[in-house]
Amino acid sequence: MKDLKFEQKRSMSRVEAAAQLEAVAAALRRGGEAELEFGPGTLELRVPEEVRAEFEVEVGDGEIELEIELKWSTGAAERAA
C-alpha cells in the first residue's frame, strides 16, 4: 500500500508543460525541502542528494508518450528494515 499517491492528468500548452518541468528541475537542483505547485494545490517534498531515474518513450497509434519517473527513499523504509 502507498503512503500517498497524487495523480493529475490534464491538457496543457507546451509552454505550461515546460514551466512545470522547470519547476521540478529547480527543486531537484536545490534539494532539501521543495514546494511544487500542481493545479490548485502545493505539494511539499524532501529531495535527497541521490535519486533513481527512468526515462521511457513509446511511439504508436499516432501518439508519442514520454514518461520521466524519479524515485528516492523517504528514509522510513530504511529505518523500518
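Summary table below
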item: About the Cα centre, charge dipole magnitude for segment 1-52 (Lys/Arg +1, Asp/Glu -1 at Cβ), debye; result: 260
item: Inter-probe distance in nm under a simple model that places probes 7 Å from Cα toward Cβ, at residue 63 and residue 7; result: 1.4
item: Of the GluC sites (Glu not before Pro) in segment 4-61, those whose Cβ has at most 16 other Cβ within 10 Å and which sit in DSSP loop; result: 7, 49, 50
item: Residue exposure sequence - 13, 73 - by fewest surrounding Cβ within 10 Å; result: 13, 73
item: Kirkwood Rh (inverse of mean 1/r, distinct Cα pairs), the chain, angstrom; result: 15.0
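A short reminder: the numbers here are calculations on the coordinates, not readings from a lab. Note that this is a predicted model, so its numbers are computed, not measured. A quick note on method: Cβ atoms are made from the backbone with ideal geometry, for glycine too, and the neighbour counts reach across all protein chains shown.
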